Amino acid sequence: MVDLTALTPCSGLLPLRKGTVTLSELDPGRITSLMPFGGQRAALSAALERAHGLGFPAPGRVTQTEGATCLWTARDQAFLMGPDPDPALADHAAMTDQSDAWAVVLLAGEDTEDVLARLVPIDLRPAAFPEGSAARTLCQHMTVSISRRAEGLQIMCFRSMARTLAHEIADVMASVAGRRAAG
């Protein structure tokens, strides 16, 4: 019998390496959406700081500390990733557990931006999208969240799209690797 608890969104799909780029699955820990109640954004940010050592992120940004990340995902919405949320956060925000809803991957290597330039409509070069940046955008026909980490670009998609995301990125990784090899 298959142990379903051992399966991750990208089980059997990743890791992949083509040319200078690798695509691997990340374990983000628990993912909790945070949506501040009206007028409670500052109070939520202070509660996050007390409980987890980071504040609510500004639009297009990520806040991070050891073991916890708060990723901007939309207007007045962010994902707390890593720890179980402190119960006091519920005084300031609507919270929902999103842990099983997302696939999270890391695209890393010298040609990372060249790969994603063929798939997403935004400029992800480090000068335009430095570490700590976050964006909600499209990757081909899929809605994704992309953020820059020190080690590469973190990409999140709905769990049901994990196979498609891996396939689309792998195809472009092969194309970019082929162009590099051809000189």
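The values are calculated or read from the model by the stated rules, or taken from the named source; none is laboratory data. These figures come from a predicted structure and were not determined experimentally. All Cβ positions, glycine included, derive from the backbone under ideal geometry; neighbour counts span all protein chains shown. Heads up: the accessible areas ignore ligands, DNA and RNA and are worked out on the full protein's heavy atoms, side chains in. Shrake-Rupley method; radii C 1.70, N 1.55, O 1.52, S 1.80 Å.
The single condition among (1) open to solvent by less than 50 Å² (accessible area, probe 1.4 Å); (2) over 16 Å from the mean Cα position of the chain (by Cα) that Leu165 does not satisfy is (2). I'm trying to understand the selection: among the residues of segment 108-154, which are without any contact (Cβ under 8 Å) to a residue 60 or more places away in the chain, farther than 15 Å from Gly60 by Cβ and among the polar types (S, T, N, Q)? Answer for segment 108-154, where residues must be without any contact (Cβ under 8 Å) to a residue 60 or more places away in the chain, farther than 15 Å from Gly60 by Cβ and among the polar types (S, T, N, Q): Gln140, Thr143. Is it fair to say Ala177 is open to solvent by less than 20 Å² (accessible area, probe 1.4 Å), small (Gly, Ala, Ser), over 30 Å from Ala46 (Cβ atoms) and in the same structural domain as Val21 (by TED's automatic domain parsing)? Spelling it out, it is not the case that Ala177 is open to solvent by less than 20 Å² (accessible area, probe 1.4 Å), small (Gly, Ala, Ser), over 30 Å from Ala46 (Cβ atoms) and in the same structural domain as Val21 (by TED's automatic domain parsing). Taking the criterion of being charged (D, E, K, R) and outside any strand (DSSP E or B), would at least one residue in segment 5-17 satisfy it? Checking segment 5-17: not a single residue is charged (D, E, K, R) and outside any strand (DSSP E or B). Is it true that Gln140 is open to solvent by 60 Å² or more (accessible area, probe 1.4 Å) and of a type in the set (S, T, N, Q)? Against the criterion (open to solvent by 60 Å² or more (accessible area, probe 1.4 Å) and of a type in the set (S, T, N, Q)), Gln140 qualifies. Of all residues assigned to segment 9-21, none qualifies as being open to solvent by 30 Å² or more (accessible area, probe 1.4 Å), within 17 Å of Ala93 (Cα to Cα), over 22 Å from the mean Cα position of the chain (by Cα) and in contact (Cβ under 8 Å) with a residue 24 or more places away in the chain.
Matching residues to (1) of a type in the set (Lys, Arg); (2) touching a strand residue (DSSP E or B) at 6+ places or on another chain (Cβ under 8 Å); (3) assigned by TED's automatic domain parsing to the domain that holds Val176; (4) closer than 25 Å to Ile169 by Cβ:
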{"site": "Gly39", "(1), (2), (3), (4)": "no, no, no, no"}
{"site": "Ala46", "(1), (2), (3), (4)": "no, no, no, no"}
{"site": "Ala51", "(1), (2), (3), (4)": "no, no, no, no"}
{"site": "Pro59", "(1), (2), (3), (4)": "no, yes, no, no"}
{"site": "Thr69", "(1), (2), (3), (4)": "no, yes, no, yes"}
{"site": "Arg75", "(1), (2), (3), (4)": "yes, no, no, no"}
{"site": "Pro85", "(1), (2), (3), (4)": "no, yes, no, no"}
